[in-house]
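Chemist: Just dropping this structure here.
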Amino acid sequence: MLALREIDRRYYDEDLPTRGPDRYVRSAVSPRIAAFGAVTQLLLSDRNPCPACTSTSGAHGTEGCESCQGTGEVSAETAHRIRIPSGVRPGQRLRLRGLGWPGKNGGEAGDLFVVVRIEGETRSA
């Protein structure tokens, strides 16, 4: 019975689930990694609404908040291990499914696109 209520709430009481937006980040790799490939870590930083201030109504709800120091937002970092394929080129985009922004109402996350820059190489205009 609880499962049916959850399905009803998720799909009929609110908007239908939607896929989250894609996000784009840049990552610099060494010429060696570009040539031979590697698994590397990518640290993503997001700004989310402060959970302590969300429940407070009014324009002055963020003043004096210890969680966000009055900004109304908190920083959240996530680390992801990504594989850089061998022979990656400068400016190439790597698509990582499901690591973008979260979807609404149970929808799947968008994709993360990593735009590669090779350290020490300059782009000609």
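Chemist: Roughly speaking, what is the centre-to-centre gap between the stretch 61-117 and the stretch 27-54 when only Cα atoms are used, to the nearest Å?
Modeler: Each part reduced to its Cα centre gives a spacing of 7 Å.
Chemist: Also, I was wondering about something else. Sort 100-108, 63-71 by the packing proxy (mean of other Cβ within 10 Å over each peptide's residues), most packed first.
Modeler: Descending mean neighbour count gives 100-108, 63-71.
Every number here is computed from the coordinates shown, using simple stated rules; none is lab data. Here the structure is a predicted model, which is why all the values come from computation and not from measurement. Note that we place each Cβ from the backbone using ideal geometry, even for glycine, and neighbour counts take in every protein chain shown.
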